[in-house]
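Beneath this line is the structure, given in C-alpha cells, with notes to follow.
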Amino acid sequence: VTECEFRFRSLKDHLTAINSPFVFGSEDCTGVVPRIEYDGATNCFIGFSSPLVHGLPLINEFKTDDFEQLKTWFETKDKSTLINLHMMQPLSPTLSSSTSFILSAYGTNNRAIANDILRRWLFIYEQCYAEGMYFFHTSIKF
C-alpha cells in the first residue's frame, strides 16, 4: 500500500474475484508514534502529515533528493500523529469470502474540516461508481 494512494483498481479486482459489486466503506484514525521513514520504492519520506487538496491527500508530496529540503520539512512540517485508514467491506451472499480491503492509508494531524471529509467520500463514491462498484454506506468518526 502506497501512502495516500486510493486503490480503486485493486478494489475492483478484489470484488470481481468474489463476484460482488457491492461495498460498504468506513474511515477512522488511530494514534501512531510520530516518526519519519524513507520509502525506497517511491523515493518518498513517510510520516509527515499529508496536505489535503479538496479533501484528498497529496501522493508523493514528500519526495526529494535535496538534503536542505528535507531539513526544511523537519523544521516546518507537522509529523503525523495519526494514521487515517479507509476500509472497504465487500457485501456478498457468502460472507466467508468477503474479506475487508484497505482502500487507502495516510498520515494526518487531524486538522481536516467537514468539507474535506465530505469531498473525500464524494470522490470515493464517484470513483467506485465509475468502476462499476456500488457503494452503499459509509461510517465516519469525527
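The numbers here are math on the coordinates, done by the rules we state, and not lab data. Predicted model, so just to flag it, every value in this text is computed and none were measured. When we count neighbours, we look across all protein chains shown, and the Cβ atoms used for this are built from the backbone with ideal geometry, even at glycine.
Compute the convex hull volume of the Cα atoms of the chain, divide it by the residue count, and report the result per residue in Å³ as a whole number. Please report the intermediate quantities before stating the final value.
Details: hull volume 16.6 nm³, N = 142.
With only Cα atoms used, the chain gives 117 Å³ per residue.
About the Cα centre of segment 8-140, how large is the charge dipole given +1 on each Lys and Arg Cβ and -1 on each Asp and Glu Cβ? Please answer in debye to the nearest 20.
For segment 8-140, the charge dipole is close to 220 debye.
Just grab the label-to-label distance for Thr76 and Tyr129, each label 7 Å out from Cα along the Cβ direction, in nm (one decimal).
3.9
In what sequence do Lys77, Lys71 fall when counting other Cβ within 10 Å, fewest first?
Listing Lys77, Lys71 from fewest to most nearby Cβ atoms yields Lys71, Lys77.
Can you work out the FRET efficiency for the pair Ile36 and Phe136, with r the C-beta to C-beta distance and R0 = 35 Å, to the nearest 0.05?
Efficiency computed from Cβ-Cβ geometry: 0.40.
Hey, can you list the DSSP H helices of the chain whose Cα span along the axis is 18 Å or longer and whose average Kyte-Doolittle score is at least -1.0?
On the way: long enough: 114-130 (24 Å, -0.06).
Span-like helices here: 114-130.
Towards the positive end of the charge dipole of segment 1-109, with charges on Cβ (+1 Lys, Arg; -1 Asp, Glu), say which of Thr42, Thr108, Phe8 has the farthest Cα.
Going by the charge dipole, the pick is Phe8.
What's the extension gain from Phe24 to Asn109 if we count 0.36 nm per residue and subtract their Cα-Cα distance?
Roughly 28.1 nm would be gained on extension.
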